[in-house]
Structure formats: structure tokens, C-alpha cells
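The values are calculated or read from the model by the stated rules, or taken from the named source; none is laboratory data. Values in this document were obtained by computation on a predicted structure and should not be read as measured data. Neighbour counts are summed over all protein chains in view; Cβ atoms, including those assigned to glycine, are modelled from backbone coordinates with ideal geometry.
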Amino acid sequence: MYLSKLPRASFAQLRSFEAVARLGGITKAAKALHLTQPTVSTQLRELSEAVGVALLTPAGRGVQLTDAGRDLLHTVSRMFGQWQEFEDGVADAQGMLRGSLRIAGVTTTEYFLAQWLKPFVQTYPGIEVDLTIDNRDAVVTRLERAQDDLCVMMMPPQHIALHHTAVMHNPLVLIGPADHPWASARPRKKPLRSLADIGLLMREKGSGTRQATLDFLAQHGMAPSIRMTLGSNEAIKHAVAADLGLAIVSQHTLASDPAREGLAVLPVAGLPIARSWQLVWRRDRRLSRIASVFMDFVQRELAVPGQLQAKAQNAAALAIKRSA
């Protein structure tokens, strides 16, 4: 189709605009695009002059979209999506898979995401992986800004329209120091009510494990006594080993033999809490071909009922058996 009037905006200007809108500021966009801040600012000014309306307005330390800016972002998102389809088609025609995969995971995924990615990049050496590991609140913010192709988390947020699929079980177990009385030879399972009188160590507010634990206890009419809040799984494990309290953590954070870390999985009725890891992506963003290939690869090769799934279940069963 012949265009009687060609666009006055350049691809570089639209790319900078999309990055600023997605990341919420010129500084972050410039860093992500490997450009200087003055370059991005100039491109935004020229783009605004080209379309004849203001697209962004200052908002604190960042910027926010005007009505025209929101309309343009919608248009740009569709344009970039069509361009991605074109690139995917070219790659298909050439019989190769090249490009990048942007993936973010909550902090606990650091214990297994590398196991997912290693065989994937070995199978598809033309793919560059941009991996971010952060706490749940930060990953939710990245979802809000559509910064990644896929995210891996236990509890997807409800306020964003998302697709998600379970890929691996994530049992949450109660841990204590290796010499804890409940970890003695062949103990009976303690009633769940026993936790009401125990000081628990928990991750920071916003943590998926913390929220899942609070939800589980609330379902059983319990309000936990939180003795200490810590910012990482490793900090919690060290504190538990030092007998500062008990904690409910993902089985994936533990060694195959928790005793090597000075820990024991404690037998309590109702535990482990049954949860699963989810692959998450936005409903309003087209899933790139590379992201689709990765998702299929994980589900086929690594997740239920694959090798990592069996490994995780076996490790959980072994740890609980050793504590019993």
C-alpha cells in the first residue's frame, strides 16, 4: 500500500519515547537504550514537535503521559509488535532463532532459573538472555511497565490483566535448626496450632512467600507472631540455623540435605503449603516468538512432568523423610 503522507517521526524517536513511557523516566530510558540523556531528551522534543502536541509532562522525578502520549504509546506498541512479527518471519525463513529474551524472576527463583536457562541457551545459541532477579514488588512494577517478555513468580498480581501458567511445584516448608526438638528421630507431626506460640522469621513485606504464609495461616484462623523480618532467603536460613526462630520457606531454597546448612524440615500437620511457580506475561502484549519457544521449552523439558519437577519433588520428600 502506497502512503501518500509519510510519518514525520523517526524510528529512533519512537523507540526512545516507548522506553521513557515504559520505564517512567528519561534517565532510565537512556540507560536501557545505551544513549545519553541529552540525546533522548532531544529525540522526545523533536517527536513532540513533529506530531504537534505535548506527549509527556513532568511528574516528580519522572514523567507521565498526556492523553496524546497514551494514544501514541498504543500506536507504537502495535507498530513494534508488527515489526517483531516481521523479524520472526525472517528468522523462520532463514531457519534460525535469534534475538533476545527478557525475563524477570522473584528472588527465590535464583535457586533454579539458571537450571532452566542453561539448556535453553545451549539449544538456541543465537538468543541473548536479559535476566533480572528482584523482590516481588519490583517484579510487579516491571510487569506494570511491560519491561519483560516473561516473569516467573509464585503469586501473580490481580490488578494487571495477565496470562499465567503453572510450570513447577513450589512446596513451602517449615524449617528450624538441625537440633530442634521437633526434628528428633521419628517425631509425631505437630498440630498446626503449635505455630501460634512460635516466633516466626519472615521475608519483607511484598514477598510472595510471606504473603502465601500469611494467607495460609489466616485460612486456619491464625495470626502469626513475627519475631524478625529479613530481606533474603539466605539471611533467613542463617538466622534459623542460629536458633533465632522458625521460618516457612520455599523448598527450592534448601540443600538436598538441609542438615548441611544446620537446618531441618520440621513435621507439622498441613505442611508443606502447596504452591507452584508461574510463568506470567501481559494479556495486552503479544508474546514474542522467542518467549513462546522458551515457554514451550520449559514446559516440555524442565517442568511438570520433567526433570526439574521430579528433582524438586524428590528433594522435598527426602528432606521431610530425614526429619521424620
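Within segment 177-236, which residues are of a type in the set (Ser, Thr, Tyr), more than 29 Å from the chain's Cα centre (by Cα) and in a loop (DSSP other than H, G, I, E, B)?
Keep residues of segment 177-236 that are of a type in the set (Ser, Thr, Tyr), which gives 184, 194, 207, 209, 213, 225, 229, 232.
After this cut, where a residue has to be more than 29 Å from the chain's Cα centre (by Cα) as well, the list is 184, 194.
Scanning segment 177-236 gives a single hit, 184.
Taking the options 218, 223, 259, name whichever one is small (Gly, Ala, Ser), over 18 Å from residue 152 (Cβ atoms), at pLDDT below 90 and not assigned by TED's automatic domain parsing to the domain that holds residue 165. Spell out how you get there, then give the answer.
Values: 218 fails: at pLDDT below 90; 259 fails: at pLDDT below 90.
Being small (Gly, Ala, Ser), over 18 Å from residue 152 (Cβ atoms), at pLDDT below 90 and not assigned by TED's automatic domain parsing to the domain that holds residue 165 holds for just one of 218, 223, 259, which is 223.
Go through 54, 68 for me and flag whichever is more than 25 Å from residue 292 (Cβ to Cβ), modelled with pLDDT of 90 or more, in a helix (DSSP H, G or I) and outside the structural domain of residue 141 (by TED's automatic domain parsing).
Values: 54 fails: in a helix (DSSP H, G or I).
The match here is 68.
From the list 99, 126, 105, 81, pick out the single residue that is of a type in the set (Gly, Ala, Ser), under 21 Å from residue 255 (Cα atoms) and touching a residue at least 24 places away in the same chain (Cβ under 8 Å). Steps first, answer last, please.
Details: 99 fails: under 21 Å from residue 255 (Cα atoms); 126 fails: under 21 Å from residue 255 (Cα atoms); 81 fails: under 21 Å from residue 255 (Cα atoms).
Checking each option against the conditions leaves just 105.
State which residue pairs qualify: first residue under 20 Å from residue 123 (Cα atoms) and inside segment 273-301, second residue in a loop (DSSP other than H, G, I, E, B) in any location, beta carbons under 6 Å apart, and separation of 6 or more residues or different chains.
288/149; 291/149
Only one of 255, 223, 235 is surrounded by fewer than 16 Cβ atoms within 10 Å (Cβ to Cβ) and more than 29 Å from residue 115 (Cα to Cα). Can you tell me which?
Values: 255 fails: more than 29 Å from residue 115 (Cα to Cα); 235 fails: more than 29 Å from residue 115 (Cα to Cα).
After ruling out the rest, the residue left standing is 223.
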